Amino acid sequence: MNIWNIAVKEIKSSLREKRTFMFMLALPLILMLILGSALSNAFDDTRTVGDMRLLYKSDGTNEQVSTGWHAFITAIENEGVEVVQAGPGTDGNEEVRADRYTGYAVVSDDGIEFYGSSKNAIGSNILAGMLTVFADRYSLASAAYQVDPETALATITTAGQNDEFIRETTLHPNKKPRSIDYYAMAMTTMIGLYAMINASYLFSGERTNKTAIRLMAAPVSKGAIFTGKVIGCTVINLFFVLVVFLVSKFVFQADWGNHYGMVILVLLTEVVLAVSLGLGISFLFKGEGIRAINNIFTQVASFAGGAYFPIDQSGGFISLLSNFSPLHWVNTGLMQIIYTDNPTGAWFAITMNVSFATAFIIFSVFTVRRREGAFV
Amino acid sequence: MSHVLEIRQLTKKFGDFVAVDNMSLNVREGEIFGFLGANGAGKSTTINMIASLLRVTKGEINLLGKNIEKHSKFAKMNIGIVPQDIAIYEDMTAYENVRFFAGLYGLRGSLLRERTEEALEFVGLGDKSKSYPKNFSGGMKRRLNIACAIAHRPKLIIMDEPTVGIDPHSRNYILNSVRKLNDMGCTIIYTSHYMEEVEEICTRIAIVDHGKVIAEGSKEQLKAIITDTKEIWIGIRTDEPLNLQALKAIAGVTAVLQEENTIKIVSKAEINNLNRIIQQLIKDQVEIRSVEEQAPNLETVFLTLTGRNLRD
C-alpha cells in the first residue's frame, strides 16, 4: 500500500510541475513540428532504400533447392533488387564490408547463410526477411515433397511469381519516412531518454527538500520507498512519451507502422532504461555533478542517437559514437518495426534496454541497502 | 514513573571518529526532556539513532521496553520526528503533506482524514489546509513541519530545534503546542539553541558534550551543580575577537567566552577576582562599558561544564 502511496505522490508532483510539462511535452512537440516541417525536402529527396544489391554463391547440388532459388532471384529482381552471382575467388563478406553489396548469401543444400551490411541496416534487414520467407517456404515444400512431390515442386517453382516473398517482407515501395515521421519517432524516443533527468532527482530531490529524513523515519522499508518512487517515475515518464506518441500520430499524422504494441513495448523499455540510468547517476554523483552528467549525457546521446538529424552509418567518429547511444538502438529498432514491418527486429533494442536497466537497478538497490541515514 | 526511552552505553562511530561515546540516559513517560549540546556534541547523531536513521555501533536503545533495532517498525510507529530543517513538499498542499506522511504510518480512509484535519487544527493551520506551503511564512512552515510528525499520534516526539528562524508569535505558538502535546500524554525530546526556551518548557535536561552526557537532571538539579560559581558579564566597545588567554589564567576563572561585545566569565564564587579581571582588560587596552554579575542559570551551567556556548 505504501508503494502505491509513494508512486501516486510522485505522479502528482510531476503533473503539478509546469516546467516538467513544458520540457517533456511542449518541447518535443514543437521541435517535431519545426524540424519535421523545415527538413521535409531533405528527407523526401534522400531517404530511399531502393538500391539493394545481393551477392550470392550457390553451392547446392539439390535440384529442388536450385529451382526454388532461381525462382526467388527472379522474384526479387522484379522488385528492384540487383542480384549478382559471386565469381570464383570472390570474398563475399569483404564485398559487403566494403559496402559494394547490401548482403551476401551462400546457398547450400543445408540452408542459406546470410551476411548483412551493418552500414545499410534497413536494406540488409529487408534482404534477410526475404531470405527467411524463402527458406521457410522451401522447408515447408521439402516436407510436403515426401508426400506429394509434384505439388511440392510446383509450389517451389511458382513461388515468387506473384511477389509472395516481397509482399510478406519488403519495405512497402511507397513507404519511406517523411521528415515528420522521422522526427515524430526521434523526438518521442529523445523524451523517453530525458526520463533519466527526472529519475536522477528522485532521491537527491528528497535530500534537497530535507524530506528524506521523514521518509526514512516512517515505518516503511527502503525497498518500498525505492519501488514506489521508481514505479511513479516510470509511469509519469511513460505517460509523457505516450502523449507525444499519440499527438504525433493523430495530430501530426506521423507514421508509426502497424505494430503499436511492439512500438509501445520498445518505448516502455527505453523509459525503464532511462529511469534506471538516472538512478544510477544519482547514486554515483552528488549535487552539481548530477546536473552536469545529465546535461552532457542527454545531449550527446540525443545528438549521436539521431534525435536532431539521422546519423550516417557509413563510418567515422559520429557513427562509432552513435553505437553507444541508447537512442541509436531504440530508433533502429523502431525503424525496423515501422518500415520493414518486422516487429521482431526490435528485440535487440528491447534486450539492450532491459539488460542495461537491470544492471543500473541492481547497482542502485545495492547502494541504497548499503547506505546509512537518509539513504540519499 | 516508567521510562519511554532507555539508552544504554550507546556508541556510534564513523570510521575512527567517535560521535557518540558510551552514552546512557533515560527519558521518563510524560517528560519534556531537554537535550542540549553545542554543534558537533553528538546530539543529532543520537537523535538519528533513536529515529532509526543511523545504525547503532554499540549499546542499545529501548523504546517502551523494546529494542528499536529488533523492533524497528514498532519503534518508528511510536516516534514522531520534527526535523530541524523544514521537511515538507512545497508542491503539495498542507493537507496533502500531512495526509501523505500520516499515510506512511498505516492510517487509511476516514481515520486518516480525521487525523490529518486534527493535526492541522492543532498547529493552527486548519483554515490553510488547501494552501501550498510556498505561500506560507517561516512560522507556518514550522507548524506544518510539526503537524506532519504528530498526525499518527506517536508516544514519543523528537523536536530538533523547532523554533529556528521564526517570529516571536510563531515561537510562542509552537512552545504552547509542545506543552499541549505533553498534556495530551506525549513524551517529548526537545533540542534548542535557545536556552531560555529549554528553561521555560523542559522538565528534565541532559547536557551532551563530545558524545557523552556530562550532566542530567531537573533545572534545579543542574543549577545546584554550580552553586559555588558566579558569572560575570563585561560589556566592551569592540566586537572584534580578543585574545582572552590572560583572563583564563586568573585565579578562580573556569571559563571565558566572548559573544560579540560581551565577555562572559565563569568563576568560582568564593574568589574575589573582579579587580584582577578588570585590571587585565585595561592592560589589554579593552574599553569597558559595563560590568555585571549574573545569577547562575542554565547558560552558566552549560558554559561551566562545556566551556562553550550553546550556540557554538
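For this structure, a couple of remarks:
- Every condition in (1) modelled with pLDDT under 90; (2) within 18 Å of the chain's Cα centre (by Cα); (3) part of a helix (DSSP H, G or I); (4) closer than 14 Å to residue A:192 by Cα holds for residue A:299 except the one numbered (2).
- Residue within the range A:235-245 that is out of contact with any Ser or Thr (no Cβ under 8 Å at 6 or more places or on another chain), away from chain B (no Cβ under 14 Å), without any contact (Cβ under 8 Å) to a residue 60 or more places away in the chain and not in a helix (DSSP H, G or I) present: no
- Identity of the residue in the range A:89-106, farther than 26 Å from residue A:335 by Cα and either modelled with pLDDT under 85 or of a type in the set (Gly, Ala, Ser) (or both), that ends up surrounded by the fewest Cβ atoms within 10 Å (Cβ to Cβ): A:89
- Lone qualifier among A:293, A:337 - being part of a helix (DSSP H, G or I) and under 26 Å from residue A:209 (Cβ atoms): A:293
- Tally, over the range B:99-117, of residues that are hydrophobic (A, V, I, L, M, F, W, C), within 11 Å of another protein chain (Cβ to nearest Cβ) and in a helix (DSSP H, G or I): 4
- Residues of the range B:94-113 classified as out of contact with any Pro (no Cβ under 8 Å at 6 or more places or on another chain) and not charged (D, E, K, R), total: 11
- Restricting the range B:137-156 to residues that are surrounded by fewer than 24 Cβ atoms within 10 Å (Cβ to Cβ) and touching a Ser or Thr at 6+ places or on another chain (Cβ under 6 Å) leaves a set whose member that is nearest to the other protein chains (Cβ to nearest Cβ) is B:156.
- Taking the range A:205-226 as the range and being part of a loop (DSSP other than H, G, I, E, B) and either closer than 14 Å to residue B:77 by Cβ or touching a residue at least 40 places away in the same chain (Cβ under 8 Å) (or both) as the test, the residues that pass are A:218, A:219, A:220, A:221.
- For the range B:277-291, filtered to residues that are aliphatic (A, V, I, L, M) and either assigned to a loop (DSSP other than H, G, I, E, B) or surrounded by fewer than 17 Cβ atoms within 10 Å (Cβ to Cβ) (or both), the residue that is nearest to the chain's Cα centre (by Cα) is B:291.
- Residue ranges of strands (runs of 3 or more DSSP E) in the range B:23-84 with at least 2 members in contact with a Ser or Thr (Cβ under 8 Å, 6 or more places away or on another chain): B:32-36, B:58-63
- In the range A:115-128, the residues that are in a strand (DSSP E or B) and surrounded by 20 or more Cβ atoms within 10 Å (Cβ to Cβ): A:116
- Qualifying residue in the range A:306-328 (condition: surrounded by fewer than 23 Cβ atoms within 10 Å (Cβ to Cβ), touching a Pro at 6+ places or on another chain (Cβ under 6 Å), assigned to a helix (DSSP H, G or I) and away from chain B (no Cβ under 14 Å)): no
- Among the residues listed as B:69, B:90, the single one being modelled with pLDDT under 95, out of contact with any Cys (no Cβ under 8 Å at 6 or more places or on another chain) and away from every other protein chain (no Cβ under 11 Å): B:69
The values are calculated or read from the model by the stated rules, or taken from the named source; none is laboratory data. If you're wondering where the values come from, they're calculated on a predicted model, not measured in any experiment. When we count neighbours, we look across all protein chains shown, and the Cβ atoms used for this are built from the backbone with ideal geometry, even at glycine.
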